[in-house]
1. In region 61-141, what is the volume of the convex hull around the alpha carbon atoms, normalised per residue and reported in Å³?
2. How high is the FRET efficiency from SER96 to LYS169, r the C-beta distance, R0 45 Å, rounded to 0.05?
3. Can you give the % of DSSP beta bridges in the chain that are antiparallel, to the nearest 5?
4. Please report the Cα spread of region 2-228 along all three principal axes, rounded to whole Å, starting with the longest.
5. Given 0.36 nm per residue, what is the gain on full extension from ASN228 to PHE24 after removing their alpha carbon distance, in nm?
6. What distance in nm separates the simple spin-label points at GLN3 and ARG72, each placed 7 Å from Cα in the Cβ direction?
7. Under the Karplus relation 6.51 cos²θ - 1.76 cosθ + 1.60, θ = phi - 60°, what is the ordered set of whole-Hz ³J(HN,Hα) values for region 225-231, x standing for Gly and Pro?
8. Where Lys and Arg each count +1 and Asp and Glu each count -1, what net charge lies around LEU238 among other residues with Cβ under 12 Å from its Cβ?
Amino acid sequence: MIQKFLGTGTAIVTPFHREGSIDFKSFETLINYQIDNGVNYIVFLGTTGESVTQSPAEQNAVVNFAVEIVDRRVPVVVGIGGNNTQAITDTMQNTSFDGIDAVLSVSPYYNKPQPNGLFYHYKEIASACPVPVIMYNVPGRTGSNIDSDTCLRIAYDVDNVIAVKEASKDLEQCARIIKDKPEGFLVISGSDELTLPFMALGGDGVISVIANAFPGEFSRMVTLCLENRFEEARKLHLDLLDIINVIYAEGSPSGIKAVLARKVLCKNVVRLPLAKVSKALMSHINKLVQESE
């Protein structure tokens with residue numbers, strides 16, 4: 001099971017038409033672009049996929065489309081999370097998991113739960129989920145941190161939680177989890193810019209935003225890290241570092257959608273309350289993409 005989620009997973013965007021509806025033609029192109037360029041799995045309906053601004057009907061349509069287009073060529077991970085534990089378990093009980101290999105579940109936001117609350121939250125949703133669960137720790141968005149002790153408690157005591165996507169940007173915290181985790185539990189980077197040092201500590205890969213636009217280069221870098229070929233990996237990492245940083249300058253996924261538009265992979269459209277990047281940043285993005293070609 002864990003072999004499925006080693007390496008690079010793309011946190012894929014959801015392309016939209018200019019009037020705001022889902023652009024399934026561009027979506028198919030982007031999915032195939034990921035698979036053809038060597039990513040190991042794809043994550044749908046995550047933060048980068050703007051899941052929070054999609055209706056339940058749209059979310060179902062995205063998942064059904066993803067399963068059909070991927071056609072088991074790579075594992076499919078679907079984001080199902082939130083700050084209402086019962087609502088998440090209800091969603092899981094009413095979801096068809098045919099063609100879905102795992103769930104990525106973000107830690108509860110806004111509520112700021114205590115460590116004990118986080119433990120029982122993941123225990124409840126893991127018991128309701130028929131496929132493995134990947135925890136997602138992203139304090140910059142949720143307002144609370146799954147600290148290393150809590151993460152390890154869940155890793156040891158909740159069988160169906162197989163991994164954590166760690167986006168705290170705290171490499172010491174990541175190292176403590178890597179050091180003390182149970183065998184078979186994956187620790188996955190959630191920060192593109194820290195992926196190389198994260199993997200040097202013993203991490204198992206990344207769920208990446210930049211891989212939307214540079215799947216071949218980024219997945220190659222991650223593969224080299226898994227093979228302990230860090231000198232070769234370092235060059236790829238440094239080559240991408242400027243554009244990785246710039247896609248977050250005015251928020252994500254606004255930045256990565258600007259890059260994808262420049263590469264003619266989808267339109268530069270995000271849903272409110274997000275907004276497109278500024279003209280100045282777009283000009284900078286165009287320059288960086290041109291230099292990478």
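The numbers here are math on the coordinates, done by the rules we state, and not lab data. Everything numeric in this text was worked out from a predicted model, so none of it was measured. Positions of Cβ are generated from backbone atoms using ideal geometry, with glycine treated the same way; all protein chains shown enter the neighbour counts.
1. Working: hull volume 7.9 nm³, N = 81.
Taking the convex hull of the Cα positions in region 61-141, it is 97 Å³ per residue.
2. Computed FRET efficiency for SER96 and LYS169 comes out at 0.80.
3. Numbers: 1 of 28 bridges.
Among the beta bridges of the chain, antiparallel pairing accounts for roughly 5 percent.
4. 44, 42, 28
5. On the way: separation 204, 0.36 × 204 = 73.44 nm, distance 3.83 nm.
Answer, rounded to one decimal: 69.6 nm.
6. Computed distance between label sites GLN3 and ARG72 equals 1.6 nm.
7. For region 225-231, the Karplus curve yields 4, 4, 8, 6, 9, 6, 5 Hz.
8. Values: positive: ARG234, LYS235; negative: GLU193, GLU217, GLU231, GLU232, ASP239, ASP242.
Neighbour charge sum, excluding LEU238 itself: -4.
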